[in-house]
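Okay, so here's the structure we're looking at.
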Amino acid sequence: MAQSKSQFVQVLLVQSRLGRVDVHITLGPVGDRTESIYRQLSAAIVDGRLRGGEGLPPTRDLAASLGVSRTTVSVAYDRLLAEGFTVSRPGAGTFVAAARTSIASTRAPHGGTVHPRAIWASVNPGLRNHDGAAYDFAVGVPDPGLFPLAAWRRSVVRELQSDSAVMRGYGNPAGLRGLRASIARHLGLSRAVRAGEDDVIVTSGAQQAFDLIARVLVAPGDVVAVENPGYPPVRALFESLGARVVGVRVDGDGIVVAEIPPRAKLVYTTPSHQFPTAVRATLDRRLELLAWADANNSVILEDDYDSEFHYGAGSLDPLQSLDRSGRVLYVGTFSKTLLPALRIGFLVAPASLTPALIAAKQLSDWHTDTVTQGALARLIDDGTFAGHVRKANRVYAGRRDAIRTGLVREFDEWLEVAPSIAGLHLFAALRTDQALRVDAVRAAAAAAGVGIQSVANFTVGPETMQSRRGFALGYGSINTEDIGVGLHRLAEVFARLS
């Protein structure tokens, strides 16, 4: 079927040898072509693609190559000459003026003379896993093979075909009302979280939720308490915003409340499945933390990142459901239950904070992708998401049991496996009589094709041997049939280094 010329963008390239430089000029079917030629040549001169002393193509040759009149090119050349970009040499042609390359030539060789604030020299997001490991016990990573891809495709297509998706402009920064309502219902049923749709804010992953909370509540110089060991990206985020971050010890009952600095403006904690030690905070410790927050006019950031996967004994209520003072901000994510690539997280906030948090979200990125939000709401509402979680929970339970059994059988002389009834990873501490160096074990394991995480990577402040001498082993990204071989290789590493 014939189409009019106006429906195409005409691309014409000029390959004129100027030393070692090719000139590429693109012209469309409409618009001021003289202006376009001038703009593209001047830009090539300013950014150094055309260097001082190099010659431009003769006007006749360039006009013929571009399919325009010679006058069109001549007027563009005259403007370059008048503005000092070029010089004319009678009988020789038009050349780039040497002085015009000063902008490009004075640039710093490694990316410019503009530098970030000093804090960014020390900020390290951390939490790198083991790309390429044959037996990867990475933490915090779900199995993409379990993702309900066919159902997701159908949900996305339905959302794209819906009138709401077609007519939707900029969305509500808090998120689509349908998804917020779906999340509130899901949290109420699965986690006993007390929330309505107006209490939920949809974010681009949990990390953005942390960022919004920090921007709204934490000023430079404020004290923020984090678990030690704990989740590195949260710690790095608070540091990047100028907070004074203090690590607080974790014991078998959870974060040690008595050691939280009384001036802490905010406390970050993972009570349902502590990262990375897998400790579940006891009810007494949870109530103690809530009382401490009341007494010190502080805020608690509860990160409930992967406790929807649960094995064995009943779960304890989250801090949010126990809070009666409106001091807990509850953060969750679909990165662990579905896929990190979806970049959908959420936070449940007290009414006193939601207007500021929504404003911060709008200033950050306006809103999270609305098609993804709509598709996810459909997945939750039709029961697909709950079914997926149940199926994944069975698979992960089997892998968890396989790792735990293997650790007890092959590593008993070196490691003590910590109790864990939730999440996507186990924690194993080196026994106190072991002199093994965790960094040496981790490096040797990597050389043997086994990826494990040392808890030392998640610890801040002075060395505490108890917290630094252990390993986190995830079961989201390793196939069930590979667990035995991977653990056997790891046992060989332990034996060789003992």
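Structure data summary
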item	result
Set Thr337, Thr333: member being modelled with pLDDT of 95 or more, in the same structural domain as Val226 (by TED's automatic domain parsing) and in contact with a Pro (Cβ under 8 Å, 6 or more places away or on another chain)	Thr337
Exclusive hit being more than 14 Å from Phe346 (Cβ to Cβ) and surrounded by fewer than 23 Cβ atoms within 10 Å (Cβ to Cβ), set Ala181, Ala151	Ala151
Pick from the range 354-409, criterion of a type in the set (S, T, N, Q), assigned to a helix (DSSP H, G or I) and closer than 16 Å to Phe334 by Cβ, ranking: modelled with the lowest pLDDT	Thr370
Residue under evaluation Asp382, criteria (1) surrounded by fewer than 15 Cβ atoms within 10 Å (Cβ to Cβ); (2) under 16 Å from Gly145 (Cα atoms), criterion not met	(2)
Selection count, the range 390-418, where residues are over 30 Å from Asp433 (Cβ atoms), surrounded by fewer than 19 Cβ atoms within 10 Å (Cβ to Cβ) and either among the charged types (D, E, K, R) or in contact with a helix residue (DSSP H, G or I) (Cβ under 9 Å, 6 or more places away or on another chain) (or both)	5
So Ala151, is it modelled with pLDDT of 95 or more and not in a strand (DSSP E or B)	yes
Selection count where residues are surrounded by 13 or more Cβ atoms within 10 Å (Cβ to Cβ) and of a type in the set (Asp, Glu), scope the range 45-92	3
Residues being free of Cβ contacts under 8 Å to residues at least 24 places away in the same chain and within 13 Å of Leu41 (Cβ to Cβ) - total across the range 64-73	0
Single residue of the range 299-341 satisfying the filter (surrounded by fewer than 21 Cβ atoms within 10 Å (Cβ to Cβ) and of a type in the set (A, V, I, L, M)) that is nearest to Val371 (Cα to Cα)	Ala341
Those residues of the range 109-139 which are part of a loop (DSSP other than H, G, I, E, B), touching a strand residue (DSSP E or B) at 6+ places or on another chain (Cβ under 8 Å) and modelled with pLDDT of 85 or more, in sequence order	Ala133, Ala134, Phe137, Ala138, Val139
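Residues checked against (1) closer than 16 Å to Ala98 by Cα; (2) within 42 Å of the chain's Cα centre (by Cα); (3) among the aliphatic types (A, V, I, L, M); (4) in a helix (DSSP H, G or I):
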site	(1), (2), (3), (4)
Tyr38	no, yes, no, yes
Ser42	yes, yes, no, yes
Gly48	yes, yes, no, no
Gly52	yes, no, no, no
Pro57	no, no, no, no
Arg60	no, no, no, yes
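The values are calculated or read from the model by the stated rules, or taken from the named source; none is laboratory data. On a predicted model such as this, the values are computed, not experimentally measured, just so you know. Glycine also receives a Cβ, built like all others from the backbone with ideal geometry; neighbour counts cover every protein chain displayed.
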